[in-house]
Amino acid sequence: MKKRLMVVDDSRVLEYQICKLLEDTDYEVAAYCENGEEAIARYEEVRPDIVTMDIIMPGIDGLEAAQIIAEAHPDARIIMISSLAYEDTLQEAEAVGAKLFLYKPIDRENLLDALEQVMGEDGCQESCAEK
């Protein structure tokens, strides 16, 4: 059975890119959300194995959405994916419960490595890793 991802990003291009990168793997995109509000509302319904979350989105941003999801679901595996590469952003992502931080643009190797890493953690609180 494939592991299910919920992609949260205001760009459908990233969803398409992730779908393409996951072809012929043990992962699939089970849901796509355009903003933090939608991600929070749909998490319980979708119950993804992993969430990929952009930071800058209209409405509730990815950091706030990740925090709300992580507080309600401590076992949530959230990977932040953003072009924001500031040290304070990495620290904030870790503080709100993100397991890893990937920089855009993403490639297949880094994405698959990140997915395998967070699946291997079984929900433990590991530091955010830079990829």
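For the stretch 57-65, the criterion of being in contact with a Leu (Cβ under 7 Å, 6 or more places away or on another chain) and either basic (Lys, Arg) or surrounded by fewer than 18 Cβ atoms within 10 Å (Cβ to Cβ) (or both) is satisfied by no residue at all.
Filtering Glu87, Glu92, Glu64, Glu15 for residues that are in contact with a helix residue (DSSP H, G or I) (Cβ under 7 Å, 6 or more places away or on another chain) and at pLDDT below 95 leaves a single hit, Glu92.
Selection over the stretch 20-63 of residues that are among the hydrophobic types (A, V, I, L, M, F, W, C) and over 21 Å from Tyr86 (Cβ atoms) gives a count of 12.
Under the condition of being closer than 12 Å to Leu111 by Cα and surrounded by 14 or more Cβ atoms within 10 Å (Cβ to Cβ), the residues counted in the stretch 15-24 number 5.
Restricting attention to the stretch 84-98, does a residue exist that is crowded, with 19+ Cβ neighbours inside 10 Å, within 18 Å of Leu115 (Cα to Cα), out of contact with any Phe, Trp or Tyr (no Cβ under 8 Å at 6 or more places or on another chain) and of a type in the set (Gly, Ala, Ser)? Yes; the residues of the stretch 84-98 include at least one that is crowded, with 19+ Cβ neighbours inside 10 Å, within 18 Å of Leu115 (Cα to Cα), out of contact with any Phe, Trp or Tyr (no Cβ under 8 Å at 6 or more places or on another chain) and of a type in the set (Gly, Ala, Ser).
Does Glu37 satisfy the condition of being of a type outside the set (Ser, Thr, Tyr), buried (at least 16 other Cβ atoms within 10 Å of the Cβ), at pLDDT 95 or above and in a helix (DSSP H, G or I)? So Glu37 passes the test.
The values are calculated or read from the model by the stated rules, or taken from the named source; none is laboratory data. No experiment lies behind these values; they were computed from the predicted model shown. Cβ sites come from the backbone with ideal geometry, for glycine too, and all protein chains shown count toward neighbours.
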